[in-house]
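Let me begin by presenting the structure, written as structure tokens, before commenting on it.
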Amino acid sequence: MPSLPTWRRIGDNTSLAAIPDHQPSPAMFIGHYSAAFAAKRIAPALPLPLLFIACQIIDIVWGALVLAGVEKLRIVPGFTASNDLDLYYMPYTHSLSSALAWSLGAALLCWLATPGSAARLRTAVVVGVTVSSHWTLDLLVHVPDLPLWFDSMKVGLGWWNYRIFALVLELALLWLAMAFCLPVAGAARKKYLALGGVMSALQVVSLLHQPPEAASVAQQLLLSYLALSAAAWWIEKTSTASTAGTAPAAQR
Ligand SMILES: [Zn+2]
């Protein structure tokens, strides 16, 4: 049996590296992007970076709120087999009620920003569902730390406790969605595959490298979301430029 956990809140200076035999990974990471790739296949005119942000907006806001001290986590060594994150207070991002609010808010924004009645409905539904997919996928891997309402009635199936299974799940979700999406990737096909390779490598590396302290978890995840969205933007920009005149006009 493991010894009693040592809790460290954000701001504590103790290094995780000082703890032996300790290899956590971050929260569900690349699996969330499966929703973005699936959405791209369903609505090819939507920008991939927009879909990358949509699938992770709940975690992006979570990272910002954690760094601001509004939502809270603590590092508990061995908390799950996959990571040490005791995400004990996140009512504004990861409750079912807030996730629904973020999804509806994103759908409404897209509705208002998209011209044309058919296009705006499609954009709003696809983006709204992509945002809501985050909570559904988190439900699979999180231990019961996802509140149904504000900070109460917490749920989670806890698949993080099966470390290899959780990793395989992430990779399988990503590559199944990638295969589904590739028919609409066009000239960017190889870049999509390369991006999938980089994302898979990031997921594996995250099993071997741990952030030195709790605040770093939020910082590193935010940086990853930003970098992957930038990569998606670059892929779309360079591919659009190389096929100018042949590709259908982007939906705005
Ligand atoms: Zn999350």
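The values are calculated or read from the model by the stated rules, or taken from the named source; none is laboratory data. In this text, all values refer to a predicted model and were calculated from it rather than measured experimentally. Cβ: placed from backbone, ideal geometry, glycine included. Neighbour counts: every protein chain shown.
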Does TYR92 meet the test of being free of Cβ contacts under 8 Å to residues at least 40 places away in the same chain and either over 20 Å from HIS32 (Cα atoms) or aromatic (Phe, Trp, Tyr) (or both)?
-> yes
Tell me which of these GLU71 doesn't satisfy, since it passes every other one: (1) within 13 Å of the ligand (Cβ to nearest atom); (2) in contact (Cβ under 8 Å) with a residue 40 or more places away in the chain.
-> (2)
Considering only region 95-121, state which residues are within 14 Å of ALA54 (Cβ to Cβ), away from the ligand (no atom under 16 Å from the Cβ) and outside any loop (DSSP other than H, G, I, E, B).
-> LEU104, GLY105, ALA107, LEU108, LEU109, CYS110, TRP111, ALA113
Name the residues in region 31-55 that are aliphatic (A, V, I, L, M) and either touching a Phe, Trp or Tyr at 6+ places or on another chain (Cβ under 8 Å) or at pLDDT 95 or above (or both), would you?
-> ALA35, ALA36, ALA38, ALA39, ILE42, ALA43, LEU46, LEU48, LEU50, LEU51, ILE53, ALA54
So which residues in region 137-158 are over 21 Å from LEU173 (Cβ atoms) and either within 14 Å of the ligand (Cβ to nearest atom) or of a type outside the set (Ser, Thr, Tyr) (or both), if there are any at all?
-> PRO144, PRO147, LEU148, TRP149, PHE150, ASP151, MET153, LYS154
Could you please tell me which pairs satisfy a Cβ distance under 7 Å, a separation of 6+ or placement on different chains, a first residue in region 142-160 that is β-branched (Val, Ile, Thr), and a second residue that is surrounded by fewer than 17 Cβ atoms within 10 Å (Cβ to Cβ) and at pLDDT 90 or above?
-> VAL155/PRO144; VAL155/LEU148
Within region 197-225, the residues that are under 16 Å from VAL61 (Cα atoms), under 13 Å from the mean Cα position of the chain (by Cα) and surrounded by 14 or more Cβ atoms within 10 Å (Cβ to Cβ) are ALA218, GLN220, LEU221, LEU222, SER224, TYR225
Among the aromatic types (Phe, Trp, Tyr), modelled with pLDDT under 95 and over 16 Å from the mean Cα position of the chain (by Cα) - does that describe any residue in region 162-182?
-> yes
Inside region 44-57, the number of residues satisfying the requirement of being crowded, with 24+ Cβ neighbours inside 10 Å and either among the β-branched types (Val, Ile, Thr) or farther than 19 Å from THR238 by Cβ (or both) is 3
Answer residue from region 41-68, given it is hydrophobic (A, V, I, L, M, F, W, C), in a helix (DSSP H, G or I) and more than 16 Å from the ligand (Cβ to nearest atom) and is nearest to THR114 (Cα to Cα) among those | LEU50
Taking the condition surrounded by fewer than 18 Cβ atoms within 10 Å (Cβ to Cβ) and touching a residue at least 40 places away in the same chain (Cβ under 8 Å), does LEU121 pass?
-> no
Condition broken by MET153, with the remaining ones in (1) assigned to a helix (DSSP H, G or I); (2) at pLDDT 90 or above satisfied = (1)
